[in-house]
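So the structure is just underneath, and the comments pick up after that.
Throughout, read-outs are computed from the coordinates displayed, never taken from laboratory work. This structure is a prediction, so every number in the text was calculated from the model and none was measured. Quick reminder, even Gly has a Cβ in these numbers, built from the backbone with ideal geometry, and neighbours come from all protein chains shown.
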Amino acid sequence: MSATPAPRVTVTTLRKMKREGEKIVMLTAYDASFAKVLDAQGVDVILVGDSLGMVIQGHDTTVPVTMDEMVYHTRAVTRTAAHALVIGDLPFMSYTSLDMALRNSARLMQEGRAQMVKLEGGAPQVATVSQLAHHGVPVCAHLGLQPQSVHKLGGYRVQGRDEAVAKQMLDDAKALQDAGADLLVLECVPVSLAEQITQALEIPVIGIGAGRGCDGQVLVLHDMLGISPRAPKFSQDFIGTGATIPQAVASYVQAVKAGTFPQDQHCFF
Ligand code: KIV
């Protein structure tokens, strides 16, 4: 008799994990083969990130990624991810009006079969998150370093070291939660600020370069498999010299669940 497949992770599962102190493991994937490996190794959430612009398409930034490309990759991932909750990323300029945000989220969910969408931004996105939530769209917000704004920021930098920016980030996080966001990604944020935001929110907070105090961790798949030519400081090569890809993913899952990743050398203070 075959084993009963693990049930799909949902927003309810993620909130329960936060309440019970179980770390949430998130990893990016962009195709069916890798999604199947991640799913089999117990990754809780698969993010079809617009980071695919860099690691799949070879661009310098995520800015050139289009809506059609996001739908294509999200559909590939959802064909094989049976357990993990799958998030489809709304790319640059695809949610500049409420109407666009609704239409493009519908594409990620209906054509791509995603169970959640992700968008970048704080206060300016509160109305959009509220509308999406009102229409039954689960939303993952993204604060701290927002890669879609890299040209405006002048580079990839830690965000929130300045006291006023840190306060704004905390206020934005609360406002996004109140508007109906189900999850929050914090990217490149000092450890103490990420801890403060995580403790202030009821929704789970997933860190990338944001320390161990978050409710979970996310990495870009190609960074943690040692494929990216210049992996960021906050990542770790889990494949090392001997592991297979499933073993590397399993090590990452284990390290996040045990709270042994990230270490101080992956963090900003
Ligand atoms: O696009 C992406 O992969 C992301 C992660 C870095 C969080 O947004």
Problem - Residue under evaluation Ala250, criteria (1) in a loop (DSSP other than H, G, I, E, B); (2) surrounded by 15 or more Cβ atoms within 10 Å (Cβ to Cβ), criterion not met - result: (1)
Handout entry: Selection from region 236-266 of residues that are more than 27 Å from Leu14 (Cβ to Cβ) and in contact (Cβ under 8 Å) with a residue 24 or more places away in the chain
Key = Gln265
Fill in the blank from the handout: When His83 is run through (1) within 11 Å of the ligand (Cβ to nearest atom); (2) under 30 Å from Met17 (Cα atoms); (3) in contact with a helix residue (DSSP H, G or I) (Cβ under 6 Å, 6 or more places away or on another chain), the failure sits at (1)
Problem - Tally of residues being touching a helix residue (DSSP H, G or I) at 6+ places or on another chain (Cβ under 8 Å) and either away from the ligand (no atom under 11 Å from the Cβ) or among the polar types (S, T, N, Q) (or both) across region 227-237 - result: 7
Exercise for the section: All but one of (1) within 15 Å of the chain's Cα centre (by Cα); (2) within 14 Å of the ligand (Cβ to nearest atom); (3) at negative phi hold for Gly209, so report the exception by its number. Expected result: (3)
Practice task
Using the structure shown, decide if Ala35 is in a helix (DSSP H, G or I) and either closer than 21 Å to Ile245 by Cβ or hydrophobic (A, V, I, L, M, F, W, C) (or both).
Solution key: yes
Completion exercise
Residues of region 225-235 being in contact (Cβ under 8 Å) with a residue 12 or more places away in the chain and over 19 Å from Asp44 (Cα atoms), in sequence order, are Gly226, Ile227, Ser228, Pro232, Lys233, Phe234
Exercise for the section: Select the strands (runs of 3 or more DSSP E) contained entirely in region 61-163, then report the ones holding at least 1 residues which are charged (D, E, K, R) and either touching a residue at least 12 places away in the same chain (Cβ under 8 Å) or at negative phi (or both). Expected result: 85-89, 116-120
Exercise for the section: Name every residue in region 20-57 that is away from the ligand (no atom under 11 Å from the Cβ), surrounded by fewer than 24 Cβ atoms within 10 Å (Cβ to Cβ) and in contact (Cβ under 8 Å) with a residue 60 or more places away in the chain, in order of residue number. Expected result: Glu22, Lys23, Phe34, Val37, Ala40, Gln41, Gly42
Exercise for the section: Hey, could you check region 212-224 for residues that are assigned to a loop (DSSP other than H, G, I, E, B) and within 14 Å of the ligand (Cβ to nearest atom) and say which is nearest to Ala181 (Cα to Cα)? Expected result: Cys214
